[in-house]
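This report refers to the structure that appears directly beneath it.
The values are calculated or read from the model by the stated rules, or taken from the named source; none is laboratory data. Predicted model only: the values in this text are computed from it and were never measured. Neighbour counts are summed over all protein chains in view; Cβ atoms, including those assigned to glycine, are modelled from backbone coordinates with ideal geometry.
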Amino acid sequence: MLATRALPNPPPSPGGVRTGRRFVFPGVASPRTLEIRETETQATKAIWWWLTPVLYLVAVYVWAKKALCRLVGYTPRMNWLFYDGISASSRYVRDNATTGKALEFLYRRKQAATSWIGKWIDQVWLTYTEVQAINNRLAVVEDELRKAVNRLVGEVPVINILSLACGSAYAVLRIAKECKDAGIPVQCLLVDWDRTAIYAARNVAKELGIEDLVEVRVGDVVEGAESLILDHDAHVVEMVGLWDYLDRVTIRNLTREITHALEVVTGGTNATFIAGNVNPNPHSVFLRHVVGWVTRKGKKSMIYRDEGEFGKLFDIATNWRLEKPRLEPCGIHRVAALVADFEQP
Ligand SMILES: C[S@@+](CC[C@H](N)C(=O)[O-])C[C@H]1O[C@@H](n2cnc3c(N)ncnc32)[C@H](O)[C@@H]1O
């Protein structure tokens, strides 16, 4: 049930003046824009693309090895010598697969090995297609967040951004820092059910010097999305990464809740919901069997959706405009923004 709440019309701010559809507030009178640096997403494809067929064979080998080991009741220490055997960075990713910790590690492309051969192999994996793709996704999400912020500058006194299943919240926090530098008031609420992800996000906020702009909460976002939006008066919701693990019915219910709650807060003007999903791609077999990046329940592979299936997840939000979903240059991650630019009657 959607919580009942008065629509913010007129908006909750001292002294806002309506000019056409825009409200202009003292202190944020000129609708400055953040620079949209779309060029960042023109990231090159990874240099190790030619390894892909080899890694397909490696995945089959690892799958067979694990099946044999299970038969004799033995747990192998490594999946493949040249992945989690020699490369300490890859071991870290394998051990923290699907968590915000692994993602943050990949965003920073941290080298963990100490020997020269280990460092070299770390470097191969840290520049491999999957890692390039996750960094491309980060850049696309940042672009979409910039656009979302630009739509709101001059419209509300403080732009409230909510990150659901935030992980290390890299994208949201970096955009909040850009806003701070540009003098645009912003507040972020970051929510994840994993305390280590929240801890990592707080550290990133500290590094960027924006702790004062950030509030964190531990909790299940599938259960609590609607009340989180209403509590935070959110104008922008970012939930990129979570759909890879959720079924269609859950996603559609969540999308309905999120868009309804955003309409309640914004009255249907300039709200943005950013989501993403992993696209079917040839790296998925390696990711599942060698990296071990699988869903928690039943250790199943992530849920890959092509453009058609991805688009259908949004059709529950009538009235909202789906900006053309963007597939990053490696063809692995797709991100889209749903934008509300209608006014509720
Ligand atoms: C979905 S990705 C986060 C991606 C993040 N937005 C980014 O781009 O780096 C992984 C995070 O989702 C969190 N997570 C998964 N399911 C969740 C749930 N139902 N409620 C809250 N957090 C969840 C995990 O703890 C993990 O930190």
Q) When residues of segment 251-279 are filtered for being over 21 Å from Gly308 (Cβ atoms) and assigned to a helix (DSSP H, G or I), how many remain? A) 9
Q. So, of the residues in segment 122-151 that are over 11 Å from the mean Cα position of the chain (by Cα) and free of Cβ contacts under 8 Å to residues at least 60 places away in the same chain, which turns out to be nearest to the ligand (Cβ to nearest atom)?
A. Leu126
**Q.** Filter result (surrounded by fewer than 20 Cβ atoms within 10 Å (Cβ to Cβ), away from the ligand (no atom under 12 Å from the Cβ) and in contact (Cβ under 8 Å) with a residue 12 or more places away in the chain) within segment 92-112
**A.** Tyr92, Arg94, Arg109, Lys110, Gln111, Ala112
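This table checks each residue for (1) assigned to a loop (DSSP other than H, G, I, E, B); (2) β-branched (Val, Ile, Thr).
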site: Met78; (1), (2): yes, no
site: Phe82; (1), (2): no, no
site: Tyr92; (1), (2): no, no
site: Leu103; (1), (2): no, no
site: Tyr107; (1), (2): no, no
site: Ile121; (1), (2): no, yes
site: Arg137; (1), (2): no, no
(Q) Between a residue in segment 320-336 that is among the aromatic types (Phe, Trp, Tyr) and any residue that is surrounded by fewer than 24 Cβ atoms within 10 Å (Cβ to Cβ) and in a strand (DSSP E or B), which pairs come within a Cβ distance under 7 Å, given they are 6 or more apart or on different chains? (A) Trp320/Leu338; Trp320/Val339; Trp320/Ala340
Q) Residues in segment 187-198: is at least one surrounded by fewer than 22 Cβ atoms within 10 Å (Cβ to Cβ) and more than 15 Å from the ligand (Cβ to nearest atom)? A) yes
Q: List the number of the failed condition for Leu287; all other conditions in (1) under 30 Å from Arg77 (Cα atoms); (2) part of a loop (DSSP other than H, G, I, E, B) hold.
A: (2)
**Q.** Filtered residues of segment 207-250 (kept if within 12 Å of the ligand (Cβ to nearest atom), of a type in the set (A, V, I, L, M) and assigned to a helix (DSSP H, G or I))
**A.** Val221, Val222, Ala225, Leu228, Leu242
Q: Return yes or no: is Thr259 at pLDDT below 95 and over 14 Å from the mean Cα position of the chain (by Cα)?
A: no
Q) Is it the case that segment 226-241 has a residue that's modelled with pLDDT of 95 or more, hydroxyl-bearing (Ser, Thr, Tyr) and either closer than 30 Å to Val62 by Cβ or under 19 Å from the mean Cα position of the chain (by Cα) (or both)? A) no
Q: Kindly check whether there is at least one residue in segment 310-323 that is under 30 Å from Tyr83 (Cβ atoms) and in the same structural domain as Val221 (by TED's automatic domain parsing).
A: yes
Q: With respect to Thr259, determine if the residue is under 29 Å from Gly183 (Cα atoms) and more than 16 Å from the ligand (Cβ to nearest atom).
A: yes
